[in-house]
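Below is one structure; the comments refer to it alone.
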Amino acid sequence: MEEGTRKRPWSDLPPEILSMIGNRLCTRMDVLRFRSICSSFRSSIPAPRPWFPFRIPRVERSTLFLKKTTVYALETPGGAATGPGRARWLLKLEETELGHMRMLSVFSRWRIRPSPRKFPMTFDFLQYRIVELCRGYFLDRGIGGLGQRYWGWWSDQNIFGLNAVMHPDCCVWSDLDQCSVYFIDEEGRLAYWKYGDENGSLVDDPKGGFYEDIAVYEGEVCVVDKLGSVSQLDSSFRLRSISAGPCGFHGGDYWKHLVVSSGDLYVVDRHERSFRTPEFRAYRLDRQCGRWEEVSSLGNSAFFICDDCSFAVAAPEFAGCKGDCIYYKDRRSCWTPSPIENFLVFGLAERTTQVGGRLPGGRF
C-alpha cells in the first residue's frame, strides 16, 4: 500500500461484489455470519429460507416430515488458532418450522433443555467461529415431536425412518425440486421420494433389503446391509454392489454404521452380547479391489457413532478428544433426555472401553 493511501472498510465494497460473494456461500450458518457483519453485507443477499421440516406428500394414513440436523464445531472466543489449546464445542442443531434452531443431543435426537450450565445463551457470530461437520436427515410424523423416530405409512407399508439422506445434498441456495429423499424403512428396505412425485417408491432390490445405514460418499448414495455389503444407488434408482461384506462379528446383536473420514469410507461394526459392553471393529473400503480392509488404528481421527449421521473429527483440534477412539452412547440410555450427555469411548488399538465423562451440549 502506497504511503498516504487510506485503508477502506469492507463495507465499502460495491453491492454487486458483496452479492457475488454471498451467493457463493453454501451453508446456512455461513450466510448468517455474512449477514451479521454490517448493514451493507446484510442487504446484499436475502436471509436463508427455512426449508425444514418440509412435508412429504400424504401417503395413506400418515403425513411425513423431513427434518434436518447439523453438527458444528464451535470455536469459543479466546481459543488458540491451532493446537491442543483450541477451545471448541461440538454443537448439534435442528432447524424448526419457524426458521429457528434448537440444540439436540450429539448422539441422539433428544432436545437438550434446559441448556447446560455455563453454555452461552447467545452467540456473536463475529466472535465465534463455526464450522459445519456433517448433516443428518430423518423422517418424522409430526412437526413438533420429541425428535424420536415415529411409525408412519408408505405405499401400504409400515416405515421406520432411519438416517434419511437428500441427494444431491442442498446448499442454502439450492432448489428443492432438484432433490430426492432416500431412507430405510422399518423392514430394512431402501425407499425414495423424488420431489414432485405423488408417492414414494421402494428401490427394486433382488436381495430384499436388510439395510442398516445410509450415507452420501463421493456424491453418491451408499447403503450398508446387515452383513456389511455396500451398494451404490445410481441416478436411475438402481442398486449396484461395490463391495462384499467384511468378516465381522457373528452372533448376538450387531449393527453397521457408515462413516466418511479423510475421503475414505469406513464401516464400523458394533457388537453387543446381552448386557456386556459393546465391542467395535472398523473397516476401510478399498475401492480399487472392492473389498473391506480391517484397520487396527484410526490415527488421529475420532469417530462419533450417532443416530442421525455418524462422523469423524481430527482429535488434535478438540481439547480433550482422543484419537484412535470411537465415541458412542449406550443404547440402553439413548432415549433418556438429559442436558448433560454421558458417553463411552472405545479405544480401537487397546480394545478397551472407558467412561468418557460428560458432554454438556457437546463440549469435551
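Bear in mind these aren't lab numbers, they're just calculated from the coordinates by the rules spelled out. Owing to the predicted nature of the structure, the values given are computational and were not obtained by experimental measurement. Quick reminder, even Gly has a Cβ in these numbers, built from the backbone with ideal geometry, and neighbours come from all protein chains shown.
Here the residues F318, F54, ranked from fewest to most Cβ neighbours within 10 Å of their Cβ, fall in the order F54, F318.
Counting every other Cβ atom within 10 Å of each residue's Cβ, I112, I37 order from fewest to most as I37, I112.
Over 21 Å apart at the Cα level, from the set K207/K329; K92/K329; K194/K256; K67/K322; K194/K226, are K207/K329; K194/K256; K67/K322; K194/K226. Listed by Cβ neighbour count within 10 Å, with the fewest neighbours leading, W292, W89, W110, W173 appear as W173, W110, W89, W292. Each residue of segment 219-232 was assigned a 3J(HN,Hα) from its phi angle through the Karplus expression (A = 6.51, B = -1.76, C = 1.60, θ = phi - 60°), giving x, 10, 7, 10, 10, 10, 8, 5, 8, x, 6, 10, 10, 10 Hz with x at Gly and Pro.
Would you mind working out the magnitude of the charge dipole of segment 257-331 relative to its Cα centre, with +1 at each Lys and Arg C-beta and -1 at each Asp and Glu C-beta, to the nearest 20 Debye? Mind showing how you got there, number by number?
Working: 10 positive and 12 negative charges, 37 e Å.
Computed charge dipole of segment 257-331: roughly 180 debye.
Given R0 = 51 Å, the distance between the Cβ atoms of L202 and Q127 translates into a calculated FRET efficiency of 0.60.
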